[in-house]
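Student: Dropping a structure here in structure tokens format, bear with me for questions.
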Amino acid sequence: MNKKPDLLIINCKELLTMRGASKKPKAGQQLDDVGVIHDGAIAICEERITDIGETKTLKVRYKDCSSIIDASGKVVSPGFVDCHTHAVFGGSRERELVEKIKGETYLDILKQGGGILSTVCDTRKLSIDKLIKKTKKHLDNMLAHGTTTVEIKSGYGLDLENELKILKVIKVLNETHPIDIVPTFLGAHVVPEEYKTNPDQYVNLVIYMLSEVKEYAKYCDVFCDSVAFTVEQSKRILTEAKERGLSLKMHINEFKNIGGARLGADLGVVSADHLDLITDGEIDELVKTNVIGVLLPGVNFYLMNNNYAPLKSMLEKGLPIALATDFNPGTCPTENMQIIITIACLEMKMSTEQALNASTINAAHAIGVANEVGSLEAGKIADIILFDIPDYNYIPYHFGVNNVEKVIKRGRLVVDNNRG
Ligand code: NIG
Ligand code: FE
């Protein structure tokens with residue numbers, strides 16, 4: 001017999017479980033199934049789901065439970081897992097939006113010392129306490145919009161002191177904020193101004209930093225692209241990171257295809273992210289080596305380019321795909337996964353089912369936490385969203401607003417947008 005629950009959620013009109021994929025991410029047709037239970041219920045004890053099924057069954061089984069949330073007419077899903085963000089940064093870049101509208105490109109702005117480099121200046125200036133305060137607001141926004149687990153990369157410090165500062169901000173927030181955070185070291189975001197004439201020397205510094213930062217990070221990521229690091233440089237950094245016990249990720253094919261996919265496949269990265277300009281042959285390589293493709297369509301939307309990743313080929317070839325915001329001050333300033341789902345559906349022609357799987361269970365796989373979160377199944381952490389909407393297709397449909405009514409994190413009600 002299951003433990004007596006301390007919370008029962010009943011009468012869920014559509015309970016989206018995403019079940020059956022905790023061991024292996026979903027690919028191909030598996031992405032069409034969101035595991036709906038109509039008139040569903042969830043029993044929670046402490047921070048975990050202890051039972052899930054139909055309301056009529058669970059109501060009888062747990063008739064003594066006094067703490068009940070009635071989800072009549074609501075859609076209920078796992079909390080979103082935002083598996084790729086750069087949420088710790090100083091300043092903001094709304095000026096770039098004005099320049100972009102006038103016709104400047106993101107790459108022009110970056111070459112002139114703007115873009116990522118200007119955020120590096122603003123981030124270096126902030127004390128750890130100010131950075132914690134600023135990032136907390138972003139996490140509050142994420143949680144209010146249904147994100148219960150997030151990956152955050154460093155990468156706006158670009159020297160040991162400031163990269164460590166960012167990773168410590170992540171650690172403090174992971175211990176104090178309801179959202180669970182998976183930390184990634186992205187010392188190889190771009191080459192900082194002071195190493196412009198000698199990028200390889202900066203690569204040496206990144207490799208040196210690895211030993212100092214490894215206790216604060218689960219993953220090491222490299223931006224392998226024309227504006228950042230070559231395949232050779234990326235290989236050096238990632239090989240050293242792997243030797244120090246870090247798991248690997250790569251940003252590839254955002255601006256130019258310089259061959260990062262093959263390297264990612266060779267090194268066994270957990271995920272390859274962006275993939276906008278990837279070829280069919282490279283998709284095959286990623287599939288063969290069990291790499292997850294993290295798609296970031298909010299970036300294409302915000303950069304006003306049409307280089308959306310080739311979803312159709314990815315699905316046909318069986319690449320497991322995840323979705324994330326890439327939340328950062330330059331190429332995607334939003335914490336809201338619901339908007340990303342809308343963009344994925346409208347611009348990439350993703351179905352709602354595919355987008356929801358990609359934002360929950362597959363995203364959890366992309367950051368190595370699918371054994372704990374990403375689906376609603378007995379034994380998993382109770383991270384749950386209640387949407388005040390008629391059916392799940394309403395999530396991409398009613399866009400630019402927050403469709404989330406309540407968020408439960410580790411079995412505790414942490415957001416109630418309905419409460420005055
Ligand atoms: O994922 N690709 C690299 N980094 C970010 C952009 C960061 C910025 O513009 O500040 C991205 O798009
Ligand atoms: Fe990114």
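The values are calculated or read from the model by the stated rules, or taken from the named source; none is laboratory data. Please read all numbers here as calculations on a predicted model, not as lab measurements. Cβ placement follows ideal geometry from the backbone for every residue including glycine, while neighbour counts extend to all protein chains displayed. What goes into the accessible areas is simple: the full protein's heavy atoms, side chains included, and nothing from ligands, DNA or RNA. Shrake-Rupley method; radii C 1.70, N 1.55, O 1.52, S 1.80 Å.
Student: State all residues of region 216-229 that are more than 15 Å from ligand 1 (Cβ to nearest atom) and open to solvent by 20 Å² or more (accessible area, probe 1.4 Å); if no residue qualifies, say none.
Tutor: Across region 216-229, the qualifying residues are Tyr216, Lys218.
Student: Which condition does Thr119 not pass, out of (1) β-branched (Val, Ile, Thr); (2) at pLDDT 95 or above; (3) farther than 19 Å from Ile166 by Cα, if it passes all the others?
Tutor: Tallying (1) β-branched (Val, Ile, Thr); (2) at pLDDT 95 or above; (3) farther than 19 Å from Ile166 by Cα, Thr119 fails exactly one: (3).
Student: When you check Ser118 against the structure, is it part of a loop (DSSP other than H, G, I, E, B), among the hydroxyl-bearing types (Ser, Thr, Tyr) and either over 18 Å from Ala228 (Cβ atoms) or in contact (Cβ under 8 Å) with a residue 12 or more places away in the chain (or both), yes or no?
Tutor: It is false that Ser118 is part of a loop (DSSP other than H, G, I, E, B), among the hydroxyl-bearing types (Ser, Thr, Tyr) and either over 18 Å from Ala228 (Cβ atoms) or in contact (Cβ under 8 Å) with a residue 12 or more places away in the chain (or both).
Student: Additional query: Hey, can you tell me all the residues within region 180-197 that are more than 22 Å from Pro329 (Cβ to Cβ) and open to solvent by 60 Å² or more (accessible area, probe 1.4 Å)?
Tutor: Once the filter is applied, which keeps residues that are more than 22 Å from Pro329 (Cβ to Cβ) and open to solvent by 60 Å² or more (accessible area, probe 1.4 Å), region 180-197 yields only Thr197.
Student: Just checking, does region 300-321 include any residue being under 18 Å from Ser226 (Cα atoms), crowded, with 24+ Cβ neighbours inside 10 Å and more than 14 Å from ligand 2 (Cβ to nearest atom)?
Tutor: no
Student: Which of the residues belonging to region 153-185 are within 19 Å of Ile132 (Cβ to Cβ) and among the hydrophobic types (A, V, I, L, M, F, W, C)?
Tutor: Those that are within 19 Å of Ile132 (Cβ to Cβ) and among the hydrophobic types (A, V, I, L, M, F, W, C): Leu164, Ile166, Leu167, Val169, Ile170, Val172, Leu173, Ile179, Ile181, Val182, Phe185.
Student: Starting from region 81-99, take each residue that is free of Cβ contacts under 8 Å to residues at least 40 places away in the same chain and list its partners that are open to solvent by 60 Å² or more (accessible area, probe 1.4 Å) and in a helix (DSSP H, G or I), counting only C-beta distances under 7 angstrom and pairs at least six apart or across chains.
Tutor: Within 7 Å, no pair qualifies.
Student: For region 376-397, indicate whether the set of residues that are touching a residue at least 24 places away in the same chain (Cβ under 8 Å), within 20 Å of Lys13 (Cα to Cα), of a type in the set (S, T, N, Q) and open to solvent by less than 10 Å² (accessible area, probe 1.4 Å) is non-empty.
Tutor: The answer is no; no qualifying residue exists.
Student: Now for a different question. Starting from region 25-42, take each residue that is on the phi > 0 side of the Ramachandran plot and list its partners that are surrounded by 15 or more Cβ atoms within 10 Å (Cβ to Cβ) and assigned to a helix (DSSP H, G or I), counting only C-beta distances under 8 angstrom and pairs at least six apart or across chains.
Tutor: Gly28/Leu315; Asp39/Thr55
Student: Here's another thing I want to ask about it. Quick check, is Glu46 surrounded by fewer than 15 Cβ atoms within 10 Å (Cβ to Cβ) and out of contact with any Ser or Thr (no Cβ under 8 Å at 6 or more places or on another chain)?
Tutor: yes
Student: Mind telling me which of the residues Gly157, Gly113 ends up being over 17 Å from the mean Cα position of the chain (by Cα), modelled with pLDDT under 95 and not aromatic (Phe, Trp, Tyr)?
Tutor: Step by step, each of Gly157, Gly113 is checked, and only Gly113 is over 17 Å from the mean Cα position of the chain (by Cα), modelled with pLDDT under 95 and not aromatic (Phe, Trp, Tyr).
Student: Considering only residues that are of a type outside the set (Asp, Glu) and surrounded by fewer than 18 Cβ atoms within 10 Å (Cβ to Cβ), which ones fall in region 66-99?
Tutor: Listed by number, the residues that qualify are Ser66, Ser67, Ile68, Ser72, Gly73, Gly91, Ser92, Arg95, Leu97, Val98.
Student: So, one more: Kindly provide the set of residues from region 206-215 that are surrounded by 17 or more Cβ atoms within 10 Å (Cβ to Cβ) and either touching a residue at least 40 places away in the same chain (Cβ under 8 Å) or within 16 Å of ligand 1 (Cβ to nearest atom) (or both), ordered by number.
Tutor: Those that are surrounded by 17 or more Cβ atoms within 10 Å (Cβ to Cβ) and either touching a residue at least 40 places away in the same chain (Cβ under 8 Å) or within 16 Å of ligand 1 (Cβ to nearest atom) (or both): Val206, Met209, Val213.
Student: Mind listing just one residue for me: the one in region 135-179 that is crowded, with 17+ Cβ neighbours inside 10 Å and acidic (Asp, Glu) and, of those, farthest from ligand 1 (Cβ to nearest atom)?
Tutor: Out of the qualifying residues, it is Asp159.
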